[in-house]
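Here, each number is a calculation from the coordinates, and none is a lab measurement. Only a predicted model underlies this, so the values are computations on that prediction, with no experimental measurement involved. Note: ideal-geometry Cβ built from the backbone for every residue, glycine included; neighbour counts use all protein chains shown.
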Amino acid sequence: MQLKSDEKESQKQKQQQSQKQGQQWQQGQDREPQKLFDNKLSQRMERDLNERNSKTVNQPISWNHAGYDYYGTYTIDGVDYMARYDKDGKYIETLSRKEWDDQVPAEVRSSFEQSPYKSQKVTGYWVVTDPTRKGYYLELTGQDNHVSRVWSDGDGKFSSTPSYVGVSPRRQKGMSNKSDTTMNRND
C-alpha cells in the first residue's frame with residue numbers, strides 16, 4: 001500500500017515539475033531576454049565559443065538568458081551572430097542574422113504566411129550556420145508592438161520554443177562535441 005502511495009506522490013511531483021518547466025518555456029517567450037549576470041557561466045561559454053571559432057576571441061559578446069537557454073550575440077566582419085547554449089551551458093548552435101527578403105527559402109516564407117504569426121512584422125531573421133543543422137529564428141512585432149520570438153525547423157514548421165532537431169544522437173546527450181561542428185563559417 002505504501003508503494004502505491006509513494007508512486008502517486010512521485011508521479012505528482014513529476015507532473016508539477018513538467019508544468020513548471022512548461023511555464024518557464026512560456027515565460028521565456030513572453031518576456032524580454034535578460035542580461036546574464038553569472039560571470040562564471042558566461043566566461044565558460046565564451047571560452048567554448050572561442051575554441052569553436054577563433055574569430056570570436058577579440059569580439060565583445062553580449063550574454064543573455066532567454067528563459068529556456070542562453071545565447072551570446074556578437075558581430076564579425078559586419079555580420080551579426082547568435083551562439084546558443086542550453087540551460088546547462090552546453091553548446092547548441094550558432095545562427096547568423098539575415099534580411100527577411102526574397103532570399104528566404106520558399107518553404108519558410110510560405111509556412112510563415114500560413115502561420116498564426118503572419119500578421120506580425122519580421123524584425124529579425126536568423127539562420128542556423130552549423131552544417132549539421134537546419135533551422136531559423138524570427139523576432140516579430142505585432143501591431144500592438146508586442147515582440148514575439150518563434151523558431152522554425154528546416155521544413156518551415158513554426159514553434160514558440162526552439163527545437164533540437166537535426167542534432168546527431170551523440171550531440172543530443174552533451175551537445176558539446178566540438179568535432180561535430182565547424183564554426184569558422186561566416187555565411
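Of note:
- Close amide-amide hydrogen proximity is noted between Ile76 and Tyr81, each under 5 Å apart and 5 or more residues distant or on a separate chain (H modeled in the peptide plane; Pro and chain starts excluded).
- Ratio of Rg to Rh over the range 34-180 (Cα coordinates, Kirkwood Rh, two decimals): 0.96
- Ranking of Val104, Val147 by count of other Cβ atoms within 10 Å, fewest first: Val147, Val104
- Amide H contacts for Lys98 (H built 1.01 Å from N in the peptide plane; partners 5 or more residues away or on another chain; cut-off under 5 Å): Tyr125, Trp126, Val127.
- A protection proxy built from the mean count of other Cβ atoms within 10 Å ranks the segments 148-155, 89-96, most packed first, as 89-96, 148-155.
- Once Rg and the Kirkwood radius are both taken over the C-alpha atoms of the range 54-96, their ratio Rg/Rh works out to 0.97.
- Taking 0.36 nm per residue of separation and subtracting the Cα-Cα distance, full extension of the segment from Arg44 to Ser159 would add 38.5 nm.
- Going from the fewest other Cβ atoms within 10 Å to the most, the residues His146, His65 appear in the order His146, His65.
- Whole-percent P(r), the range 80-160, all Cα pairs, 5 Å bins from 0: 3, 15, 25, 26, 17, 9, 4, 0.
- Fully extended contour minus Cα-Cα distance, from Ser119 to Ile76, at 0.36 nm per residue: 12.2 nm
- The H on the amide N of Asp130, modeled in the peptide plane, is under 5 Å from the matching H of Thr94, each at least 5 residues off or on a different chain.
- Surrounding net charge for Gly124, when Lys and Arg each add one and Asp and Glu each subtract one, Cβ distance under 11 Å: +1
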